[in-house]
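Visitor: Sending over a structure as structure tokens; questions will come in a sec.
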Amino acid sequence: MDLPHFHRDKETYQELLSELDEQGIDDATRVREFIGIVAPAKSGWTTLRIGELKSMLLLAINDLGGALDWANWTLTVFTAERANYYRCLINSIELFLDKTRDPQQYRMVFDKMYGQSAVDFAWNAIQGGNPFYDLLADDENLTQFSAHQKLLAAYEKLQKAKRENWCE
């Protein structure tokens, strides 16, 4: 849950990526369902899929080619806003990989096509910044995930009632 803090070394992100590959998890699987959390409704955690996470992890280790492949994969599964970001990311990676072009010469056009915030995030990620787009950062207690906290509280209330009222 702390991926969005983007404070780990590249080896850690590579290990996570390798673990995802070794597990053989379907790339279309929602991460929230795989790890068993209730994600905040308006966050990227709601729709984050294993394939999208792979794209982010590949950006984190500066593997632009791999990130490009997985970013292309994401276009088939997301909302218009997320698809806009990934179209921006795909075209930005292609631009940065083309050594015959200077990305700064295209910045104004990209801002008009995708919006400044999408371009800012994508270009920052490509240049080694935080690649975890629209993911709420949290700790192992999931304190930022209020819906998950409510579910845990309801579960604890149910368990308490069972302990107090269960007849053996």
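Every read-out reported here was derived from the displayed coordinates using simple, explicitly stated rules and does not represent laboratory data. Please read all numbers here as calculations on a predicted model, not as lab measurements. FYI the Cβ positions are ideal-geometry reconstructions off the backbone, even for glycines, and counts take in every protein chain you see.
Visitor: Taking just the C-alpha trace of the chain, give me its Rg and Dmax in Å.
Guide: Cα-based Rg and Dmax for the chain come out at 19.0, 77 Å.
Visitor: Rounded to the nearest 10 degrees, what's the angle between the helix 10-23 long axis and the longest principal axis of the chain, both from Cα atoms, 0 to 90?
Guide: Approximately 60 degrees, to the nearest ten.
Visitor: Taking the Cα centre of the stretch 3-165 as the origin and placing charges on Cβ (Lys, Arg +1; Asp, Glu -1), which of I93, T74, S117 is farthest toward the positive end of the dipole?
Guide: S117
Visitor: Now for a different question. On a full-extension model of 0.36 nm per residue, what is the gain between K112 and F34, subtracting their alpha-carbon distance, rounded to one decimal in nm?
Guide: Between K112 and F34, full extension yields 24.4 nm more.
Visitor: Next up: For the stretch 1-71 and the stretch 109-130, compute the distance between their C-alpha centroids and round to whole Å.
Guide: The stretch 1-71 and the stretch 109-130 have Cα centres separated by 19 Å.
Visitor: Take every Cα pair under 8 Å in the stretch 15-85 that's 6+ residues apart, average their separations, divide by the length, and report that relative contact order as a whole percent.
Guide: 25
Visitor: Rounded to the nearest 500, what is the 222 nm mean residue ellipticity of the chain from helices alone, with -39500 (n - 2.57) per DSSP H run of 4+ residues and division by all residues?
Guide: After summing the helix terms and dividing by the residues of the chain, the value is -18000 deg cm²/dmol.
Visitor: If Lys and Arg each add +1 and Asp and Glu each add -1, what is the summed charge of the other residues whose beta carbon sits under 15 Å from the beta carbon of M113?
Guide: Once all neighbours under 15 Å are counted, the net charge is -1.
Visitor: Label Q104 and A154 with points 7 Å out from Cα along Cα→Cβ: what is the distance between them in nm?
Guide: According to this spin-label approximation, the distance is 5.4 nm.
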